[in-house]
Amino acid sequence: MKNFSFMVMGDACLDRKFNTGITGAQERLSAFDEAVKLAKQRSVNYVFVTGNLFDSSNPSRSVLKHVSDAFYSLPSKVIIAPGSFDPSTVGSCYPSFSWPSNVYVFPAGGISYLEFNNSFRGTTDRDYLYSGGRETGRKGVRIYGSAFESHFCRESMLVNEHNRTPRLSSSYINVLVMHGMIVTDEKSIYNPIPLEVLKECGFDLCAIGGASNCERKGHIIVPGMLCPGSFDNSGEYGVFIGEVADGGFLSAELVSVSPVKYEKITFDVYGRDDLSPASLAEDISKLVMAKNCIRVELVGELPFDANIDVSEVGKILEKEFPLAEIVDKTMKRADLSLLNSEKSFRGFYTTAIWNSVRQARDEMKKTGAYYSEKNYESAVNLGLKIIDNMNISGLYSSVKENSHTKANETLEAQDDKDNETGILQGREDSPGEDLNGLDLKAIRDRLIADEDETDDLRSGSGEEARFIPADEKEESSGNSGGSVKGGF
């Protein structure tokens, strides 16, 4: 038989009662109309609708008529597999509505198939719907599918109660149109379709709706949403148009039909002299290829005394784009000149790194090697961030405790020696100095004094202060020390 062309349409969610982002009912309907227009222009033989054509089982009468009239205008055959949002239930639009003669809706209750001869068009075609394996002897296309009966389907429709998959005839081109989730090991409540089982079935084309994002892996097509709804759905969305021949799957391409697009941009501000909202907005807009909804993530390091007016940048961009969100993920660079002179662990770290880098920089400049000031600053800031997250006080306490113990041990040994020397020389005591001239007694007294000062700073109750969530019950002990109450 000759090749046939097709279109795969994913979740249109028509007649949804709420907006997501700037995507509303009108945008979704516009995307659907554009898909129908494209099907006419490309003269596709089949339009496969993989579920969730509507956002519910009973869309408004006006939307239902709009869709019916659009399908009626097509020379194509329209195959619908009801999904989780628009299941085929008693009284729903699928079994109760009078659809045009070129529209076929899979019934619930197990997998079945449609069989078409190879003429594709014209009123002389006879089309059959099967739930069994009866052959007609005519060679053409068999399209398998099923319908959701409720919002959930925990068992795979592809496998029957006897754990068997459909038996395909090599005398036909075999197509699967279904709503569900392709899975590997994980489970799903939306018709889990094991990937390995799907591959083993031997379909020439698989059109599987249900996932938000569009994807194609060989002959398996996941169309995704017809019209994206938020920045979680950035990139291209639309319909797949392709061709199948006797030898199997040939090709497919994604064609955008959505009037709304969401784009995410990362913008690095490092090294910019001009951080004014107008300058930032101008350079950001140059990165956007079309008038899409944009979310800009500002990254990079800023001078310690610099600030960006994120709100003003967003206001300027919203004059040019339908929606602009600015997310500030920049970091302030530390004032290295102040840190170098700071008497602290941070200051010691910064000075040590700077001395090492300065030496390396001088060597690199001599040899003509590449040197980046940005890399040095990034290394310092990364180290400072790690230091800020470390328990420096705990580290200091550990060092102090070890020093205190060693000083005591050394001092006690020295005292014994001095006492022995004093007795031999007729003296009652002797200065507590070691052979290096260090006053170990003074060191021990200083450590004890430091410990006393630290204890004075602690809570009088001896407990560490902590934040208590607002919904946590207060203890009835009446002890008010050591806790800060409040919620965020």
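The values are calculated or read from the model by the stated rules, or taken from the named source; none is laboratory data. These numbers come from a predicted model, not from an experiment. Cβ: placed from backbone, ideal geometry, glycine included. Neighbour counts: every protein chain shown.
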Legend entry - Residue match in the stretch 59-72 (condition: surrounded by fewer than 23 Cβ atoms within 10 Å (Cβ to Cβ), outside any helix (DSSP H, G or I) and touching a Phe, Trp or Tyr at 6+ places or on another chain (Cβ under 7 Å)): no
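Here is a check on your reading of the model: is Ser378 in contact (Cβ under 8 Å) with a residue 12 or more places away in the chain, under 21 Å from Ile22 (Cα atoms) and surrounded by 11 or more Cβ atoms within 10 Å (Cβ to Cβ)?
Numbers: in contact (Cβ under 8 Å) with a residue 12 or more places away in the chain: yes; under 21 Å from Ile22 (Cα atoms): no; surrounded by 11 or more Cβ atoms within 10 Å (Cβ to Cβ): yes.
No, not satisfied.
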Inset, instruction - Considering every residue within the stretch 293-308, establish whether at least one is loosely packed, with under 13 Cβ neighbours inside 10 Å, closer than 23 Å to Gly229 by Cα and within 25 Å of the chain's Cα centre (by Cα). - result: no
Inset, instruction - Tell me, please, whether a residue that is in contact (Cβ under 8 Å) with a residue 60 or more places away in the chain, assigned to a helix (DSSP H, G or I) and either assigned by TED's automatic domain parsing to the domain that holds Val239 or more than 25 Å from Val260 (Cβ to Cβ) (or both) can be found in the stretch 93-106. - result: no
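Can you pull out the residues in the stretch 212-236 that are of a type in the set (A, V, I, L, M, F, W, C) and surrounded by 19 or more Cβ atoms within 10 Å (Cβ to Cβ)? Even if it seems obvious, please write down each step before you answer.
To start, the set of residues in the stretch 212-236 that are of a type in the set (A, V, I, L, M, F, W, C) comprises 214, 220-222, 225-227, 231.
Matches in the stretch 212-236: Cys214, Ile220, Ile221, Val222, Met225, Leu226, Cys227.
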Legend entry - Residue check, Lys17 outside any helix (DSSP H, G or I), surrounded by fewer than 16 Cβ atoms within 10 Å (Cβ to Cβ) and in contact (Cβ under 8 Å) with a residue 12 or more places away in the chain: yes
Inset, instruction - From (1) buried (at least 19 other Cβ atoms within 10 Å of the Cβ); (2) part of a helix (DSSP H, G or I); (3) aliphatic (A, V, I, L, M), pick out the condition that doesn't hold for Ile79. - result: (2)
Inset, instruction - Sort through Val239, Val244, Val260 and tell me the only one that's touching a residue at least 60 places away in the same chain (Cβ under 8 Å), crowded, with 20+ Cβ neighbours inside 10 Å and not in a strand (DSSP E or B). - result: Val260
Legend entry - Selection count, the stretch 254-311, where residues are among the basic types (Lys, Arg) and in contact with a helix residue (DSSP H, G or I) (Cβ under 7 Å, 6 or more places away or on another chain): 2
Inset, instruction - State the number of residues belonging to the stretch 78-106 that are closer than 22 Å to Gly140 by Cβ and either in contact with a His (Cβ under 7 Å, 6 or more places away or on another chain) or at pLDDT below 95 (or both). - result: 1
Inset, instruction - Of the numbered conditions (1) under 20 Å from Glu236 (Cα atoms); (2) surrounded by fewer than 17 Cβ atoms within 10 Å (Cβ to Cβ), Glu282 fails exactly one; give the number of that condition. - result: (1)
Legend entry - Filter result (over 27 Å from the mean Cα position of the chain (by Cα) and without any contact (Cβ under 8 Å) to a residue 40 or more places away in the chain) within the stretch 175-201: Leu176, Lys199, Glu200
Inset, instruction - Give the stretch 76-115 a look and list any residue that's of a type in the set (Ser, Thr, Tyr) and more than 18 Å from Leu64 (Cβ to Cβ), or say none. - result: Ser76, Ser84, Ser112, Tyr113
Inset, instruction - Taking the residues in the stretch 21-58 that are over 21 Å from Tyr190 (Cα atoms), of a type in the set (S, T, N, Q) and out of contact with any strand residue (DSSP E or B) (no Cβ under 8 Å at 6 or more places or on another chain) as candidates, determine which candidate is surrounded by the most Cβ atoms within 10 Å (Cβ to Cβ). - result: Thr23
Legend entry - Among the candidates Asp11, Asp33, residue that is among the acidic types (Asp, Glu) and in contact with a Leu (Cβ under 9 Å, 6 or more places away or on another chain): Asp11
Legend entry - Matching residues in the stretch 173-189 - criterion: being surrounded by 14 or more Cβ atoms within 10 Å (Cβ to Cβ) and within 18 Å of Ile220 (Cα to Cα): Ile173, Asn174, Val175, Leu176, Val177, Met178, His179, Gly180, Met181, Ile182, Val183
